[in-house]
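Asks: Quick one: structure below, then a few questions.
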Amino acid sequence: MIEDGTRAPHQPPGSQWYDHEAGPLVRPYAMTGGRTHPGPTGVRFDLIALVTLDTAAPGADDTALGPEHRALIGLCRPETQSVAELATGADLPVGVVRVLLGDLLEWGRVTVSRPVPPAQLPDERILREVIEGLKAL
């Protein structure tokens, strides 16, 4: 496109949806079917929620999933990752990743857990005393 909004003579019709450096553009709402919330799962997908691939999912058929769903599953395969890490690895907006993870959770493909809050972790002093006690044995 030229600055005045007209198409350059060498650009075919519809090329405003293609960036030669970035490739074809797909709007985020197209990836989620227009949805903006992760569905009725009731799970909060905040940035630090941990996502794990459920390898025991019955009838897990990746061919029925969309490319973005498969990308997230591929990123979850090696290890548990946070929602923020998945969004970065998939190069997708966090809002889109939350909706897609909601789908995967509903289909039983992933599990989501929350990290233990620091206030619920044992005191470091107690852990050191336990280690010292074990060493004394």
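Asks: Assess whether Leu105 counts as being surrounded by 15 or more Cβ atoms within 10 Å (Cβ to Cβ) and in contact (Cβ under 8 Å) with a residue 24 or more places away in the chain.
Replies: When the stated conditions are applied, Leu105 passes them.
Asks: For the range 108-134: of the residues being of a type in the set (Val, Ile, Thr) and in contact with a helix residue (DSSP H, G or I) (Cβ under 8 Å, 6 or more places away or on another chain), which is surrounded by the most Cβ atoms within 10 Å (Cβ to Cβ)?
Replies: Step one: of the range 108-134, the residues of a type in the set (Val, Ile, Thr) are 110-112, 116, 126, 130-131.
Still in the list and also in contact with a helix residue (DSSP H, G or I) (Cβ under 8 Å, 6 or more places away or on another chain): 110-112.
Details: Val110: 23, Thr111: 16, Val112: 19.
Restricting to residues being of a type in the set (Val, Ile, Thr) and in contact with a helix residue (DSSP H, G or I) (Cβ under 8 Å, 6 or more places away or on another chain), the top hit is Val110.
Asks: Exactly one condition in (1) more than 18 Å from Ala49 (Cα to Cα); (2) in a loop (DSSP other than H, G, I, E, B); (3) aliphatic (A, V, I, L, M) is false for Ile131; which is it?
Replies: The number of the failed condition is (2).
Where a number appears in this text, it was derived from the coordinates with a stated rule and is not lab data. Bear in mind the structure is a predicted one, so any value in this text is a computation, not a measurement. Note: ideal-geometry Cβ built from the backbone for every residue, glycine included; neighbour counts use all protein chains shown.
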